[in-house]
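The structure under discussion appears below in the form of structure tokens.
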Amino acid sequence: MADRPLITLFVKVPAKSRVKTRLAAALGDDAALELYKRFVQDILDTLEQTGIPVMTCYYPPDSGNAVAEWLGPGQHYLPQEGRDVGERMGNAFRQSFTRGFSRVVLIGSDIPDLPAPLLSEAVAALITHDAVIGPARDGGYYLIGFRHDTFFPGVFSGISWSTGTVFRSTMQAFGKAGQRVHELPLWRDVDTVEDLKDLAARSRRSAFSSSRTMSFLAGLKDAQFS
């Protein structure tokens, strides 16, 4: 198989009460929805910097037209299919490998400031490792990836999703399978107002300071984000 890397981005259709619900409870539905849109746009800008092909996987699976209208015809799209996020991730990997990609990294849309060099590191790590993973501060993970010949769907089974044990349980599964895993730096995804405050604080002197997300935060009435 030819070496064909891919980054898969999981997104949800941008609709009120369906994205960033914990932020919406504090900031309102309109602000949370706008933030989510900017998160995704900032991530896509970063992905373009890597030069690695991108597949945008959308949920729910019948929202393809709405997502394509939002992000435009220049993207490659694939529906997320499965009963829970683990099954949806497993299916996304299977479909990507079936399409001939050899190294696949999957990320979510809650990490708008994830830098391009870290994404490139993740893809490159799969040359010498069976898998790659990026632990999140909330106990989950923000990135996971495999080679076509080392794909291990067992890490998506028996996991208590949306809990603080996801990363630990996943690493235990990797260990039992004897897989060589490259672990990326700890990162903080953005689900709560506290996460958003942290994002604003750590980004003031970084390249992310000129992002769509930071521009929106600067315009909020609440001065804690400016």
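The values are calculated or read from the model by the stated rules, or taken from the named source; none is laboratory data. Everything numeric in this text was worked out from a predicted model, so none of it was measured. Cβ coordinates were reconstructed from backbone atoms using ideal geometry, including for glycine residues, and neighbour counts include every protein chain displayed. Heads up: the accessible areas ignore ligands, DNA and RNA and are worked out on the full protein's heavy atoms, side chains in. Shrake-Rupley method; radii C 1.70, N 1.55, O 1.52, S 1.80 Å.
With each pseudo-label sitting 7 Å past Cα toward Cβ, what's the Glu69-Val54 distance in nm, one decimal?
The modelled label-to-label distance comes out at 2.2 nm.
For the pair Lys176/Val13, report the inter-label distance in nm, with labels modelled 7 Å from Cα in the Cβ direction.
Computed distance between label sites Lys176 and Val13 equals 3.7 nm.
Roughly how many nanometres apart are two label points built 7 Å out from the Cα toward the Cβ at Arg4 and Ala207?
Rounded to a tenth, the inter-label distance reads 2.8 nm.
Could you tell me which of Ile7, Ile43, Trp70 has its Cα farthest along the dipole of region 1-111 towards the positive end, charges placed at Cβ (Lys, Arg +1; Asp, Glu -1), taken about the Cα centre?
The residue sitting farthest along the positive end of the dipole is Ile7.
Only Cα pairs under 8 Å and at least 6 apart count here; give the relative contact order of the chain as a rounded whole percent.
Relative contact order of the chain: 21 percent.
If the viscosity is 1.567 mPa s and the temperature 4 °C, what Stokes-Einstein diffusion coefficient in µm²/s follows for the chain when Rh is the Kirkwood radius over Cα pairs?
In µm²/s, the coefficient rounds to 72.
Report the gain in length on full extension from Arg94 to Asp62: 0.36 nm times residue separation, minus Cα-Cα distance, nm rounded to one decimal. Write down the numbers at each step before the final one.
Values: separation 32, 0.36 × 32 = 11.52 nm, distance 1.96 nm.
Between Arg94 and Asp62, full extension yields an extra 9.6 nm.
What is the gain in length, in nm to one decimal, between Glu87 and Asp30 on full extension, counting 0.36 nm per residue of separation less the C-alpha to C-alpha distance? Walk me through the numbers before you get to the answer.
Values: separation 57, 0.36 × 57 = 20.52 nm, distance 3.03 nm.
Length gained between Glu87 and Asp30: 17.5 nm.
Based on DSSP, what percent of beta bridges with both residues in the chain are antiparallel, to the nearest 5?
Working: 10 of 29 bridges.
Close to 35 percent.
Using the Cα centre of the chain as origin and beta-carbon charges of +1 (Lys, Arg) and -1 (Asp, Glu), tell me which of Thr163, Gly108, Thr128 is placed farthest towards the positive end of the dipole.
Sorting the options by dipole projection puts first Thr128.
Which peptide among 147-153, 70-76 comes first, and what is the full order, when sorted by highest mean count of other Cβ atoms within 10 Å?
The most tightly packed comes first, giving 147-153, 70-76.
If you put +1 on each Lys and Arg Cβ and -1 on each Asp and Glu Cβ, how big is the dipole of the chain around its Cα centre, in Debye rounded to 20?
180
Under 20 Å between alpha carbons: how many lysine pairs meet that in the chain, if sequence neighbours fewer than 8 apart on the same chain are excluded?
Lysine pairs meeting both conditions in the chain amount to 9.
Can you sort Arg99, Arg202 by solvent-accessible area, 1.4 Å probe, largest first?
Arg99, Arg202
May I ask you to give the percent of accessible area on region 77-220 that is carbon plus sulfur, with a probe radius of 1.4 Å?
50
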